[in-house]
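Chemist: Got a structure for you, questions after.
The values are calculated or read from the model by the stated rules, or taken from the named source; none is laboratory data. Just so you know, these numbers come straight off a predicted model, no measurement behind them. Note: ideal-geometry Cβ built from the backbone for every residue, glycine included; neighbour counts use all protein chains shown. These area figures cover heavy atoms from the full protein model, side chains too; ligands, DNA and RNA do not enter into them. Shrake-Rupley method; radii C 1.70, N 1.55, O 1.52, S 1.80 Å.
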Amino acid sequence: MRDETKCLHAGYTPQNAEPRVLPIIQSTTYVYDSTEEVAAVFDDPMKSLIYSRFGNPTVMAVERKIADLEGGIGALCTTSGQAALLLSILNICSAGDSIISVPEIYGGSINLFSFTLKRLGIECIYVKQDASDEEFHAAFCPNTKAVFGETLANPALTVLDIERLAQIAHAHHVPLIVDNTFATPILCKPFEFGADIVVHSTSKYMDGHAVQVGGAIVDSGNFDWNSGNFPDLTGPDESYHGISYTETYGKSAYIIKARMQLMRDFGVYPAAHSAFLLNMGLETLAIRMKQYCENAMKVAHYLESSDYVEKVIYPGLESNASYTLAQKYLKGASGVISFVIKGGKEKAIRFMNSLLLASNEVHVADIRTCVLHPASETHRQLTDEQLQDAGIHPGMVRLSVGLENVDDIIEDLNTGFISIQ
Ligand SMILES: *Cc1c(COP(=O)(O)O)cnc(C)c1O
């Protein structure tokens, strides 16, 4: 099946006289005929369902759809993108380990890596995307367990050189974990370029309608965990009477361990109803992504030609530093554009306040066009100097182009510019 078809049909195939639409199975628990059968499921929780803290038929159908779209061997849904990130790291890192990440990532991920994981004894070493191969290799320590980056970074909008980072990571026998939230599997399938694990905030384009927060981890099934680097996957798990995940589950070791062990212990599993809503978003993902890209491209060209705009950051534009990487990795540059208004903060705020169609909100990738002013909203605690270091101009506006008619979006932006004349 192609992506458009997978979006509609993967993960759930109704049998004779079953519901056409994925049913919401809203139950915490599952019934068995005998104690012996319950005992057998406790011995191998992958045999059947036990409890909805780590497995539910509605959620699992959506997991199969996401895994299929990414071309992975399996997926695990979580209650948020942050939960997906946390589990993806904890599944292979313990206190005393480290990871390498590019710094061009989501602010929430920086907080998680720099502060919370650090308190748990896991260090994050940052290496800039444009560093040389030698600089990356030099950052590895004997305790390094993963390399991390975002396909299309939020909010920097830089494009990750997935193939290069995968080669570097694999030379040290560690996996490359890629946050594919902004690209979605419709615009990029990181496994095709050598990434090993993909994480998502499904709250963004996958849901698309701004109705529920969620996340997902997807396993390519390609990484070889047997280098001696990952005793938690290869060695005995005492909390499951000594099983070895690699010996028992082979290529699915990573994603099954995340479910059986971490989801059992942390319990960040979505409700069936949330998965049902996510599935409705996924059904139109392929067709929406095409339209987001088309609308954003037109808006980016309009902004580039505007006298009120100093700079437009959109990797679909030839003027963008990531343009070549975007051509290689992305089928479109998605719907998020950053641009800098001439005249700085005061003008940017006046511009935003006068928009009638685009809403002012802390969200991106919604079906409706929305805007955010990083300097006075998400990054308001920073001084002007710190803003400059973070690459955030006081006059910068982050625009998430929606699916309205693009002429209406452009007219709205035009109204904003007229108001700051
Ligand atoms: C939003 C976002 C997250 C966090 O996801 P939540 O669903 O809000 O927890 C992680 N990574 C990226 C790239 C994001 O845009």
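Chemist: Rounded to whole Hz and in sequence order, give me ³J(HN,Hα) for segment 29-39 from the Karplus expression 6.51 cos²θ - 1.76 cosθ + 1.60, θ = phi - 60°, writing x for Gly and Pro.
Modeler: 9, 9, 9, 10, 6, 8, 4, 4, 5, 5, 4
Chemist: I've got another one for you. Residue by residue, what Karplus-based ³J(HN,Hα) values in Hz, rounded to whole numbers, does segment 123-136 have, using 6.51, -1.76 and 1.60 with θ = phi - 60° and x for Gly and Pro?
Modeler: 9, 10, 9, 9, 10, 4, 4, 8, 5, 6, 3, 4, 5, 5
Chemist: Let me ask another. Do any GluC sites (Glu not before Pro) in segment 306-374 lie in a DSSP loop with no more than 13 other beta carbon atoms within 10 Å, and if so, which?
Modeler: Hits after loop and neighbour filter: Glu318.
Chemist: Starting from the amide H of Ala365, placed 1.01 Å from N in the peptide plane, find each other amide H under 5 Å away whose residue is 5 or more places distant or on another chain.
Modeler: none
Chemist: Taking a ≥ b ≥ c as the square roots of the eigenvalues of the Cα gyration tensor of segment 3-280, is the shape rounded (a/c under 1.5), prolate (a/b larger than b/c) or oblate?
Modeler: oblate
Chemist: Follow-up. Counting only protein heavy atoms and using a 1.4 Å probe, what share of the accessible area of segment 3-280 belongs to carbon plus sulfur, as a whole percent?
Modeler: 55 percent
Chemist: Pull up the DSSP beta bridges for the chain and report the antiparallel fraction as a percent, rounded to 5.
Modeler: 60 percent
Chemist: DSSP beta bridges in segment 62-208, what fraction antiparallel, as a percent rounded to 5?
Modeler: Counting DSSP beta bridges with both partners in segment 62-208, the antiparallel share is about 5 percent.
Chemist: Let me ask something else about it. Which order, highest average first, do 138-150, 404-416 follow once you tally other Cβ atoms within 10 Å for each residue and take the mean per peptide?
Modeler: 138-150, 404-416
Chemist: Would you calculate, for the chain, the mean residue ellipticity at 222 nm contributed by helices, counting each DSSP H stretch of 4 or more residues as -39,500 (n - 2.57) and dividing by all residues, to the nearest 500?
Modeler: -10000 deg cm²/dmol
Chemist: If you don't mind, there's one more thing I want to ask. Name the residues whose placed amide hydrogens come within less than 5 Å of the amide hydrogen of Ser101, ignoring near sequence neighbours (fewer than 5 apart) on the same chain.
Modeler: Ile125, Tyr126, Val127, Phe148
Chemist: List the lysines whose alpha-carbon lies under 26 Å from that of Lys118, not counting same-chain residues fewer than 8 positions away?
Modeler: By straight Cα distance, Lys118 reaches Lys128, Lys145, Lys257.
Chemist: Here's a follow-up. Leaving out ligands and nucleic acids, note down the accessible area per residue over the chain with a 1.4 angstrom probe, in whole Å².
Modeler: Value returned for the chain: 43 Å² of accessible area per residue.
Chemist: Hey, another quick one. Taking the Cα atoms only, what angle lies between the long axis of helix 162-171 and the longest principal axis of the chain, rounded to 10 degrees?
Modeler: Compared with the principal axis, the helix lies near 40 degrees.
Chemist: Which of the lysines could be linked to Lys345 by a straight reach, that is with a Cα gap under 17 Å, when you skip same-chain ones fewer than 8 residues away?
Modeler: Filter leaves Lys311.
Chemist: Moving on to the next point. Taking amide hydrogens as modeled 1.01 Å from N in the peptide plane, which residues meet the under 5 Å criterion relative to Asp179, leaving out close sequence neighbours?
Modeler: It is Gly149, Glu150, Thr151, Val199, by chain and number.
Chemist: How many nm separate the modelled label positions at Lys290 and Asn111, each set 7 Å beyond the Cα in the direction of the Cβ?
Modeler: For the pair Lys290/Asn111, the computed spacing is 3.8 nm.
Chemist: Ok, one more. Accessible area of segment 286-419 with a 1.4 Å probe: how many percent of it is carbon plus sulfur?
Modeler: Exposed carbon and sulfur together represent 51 percent of the surface.
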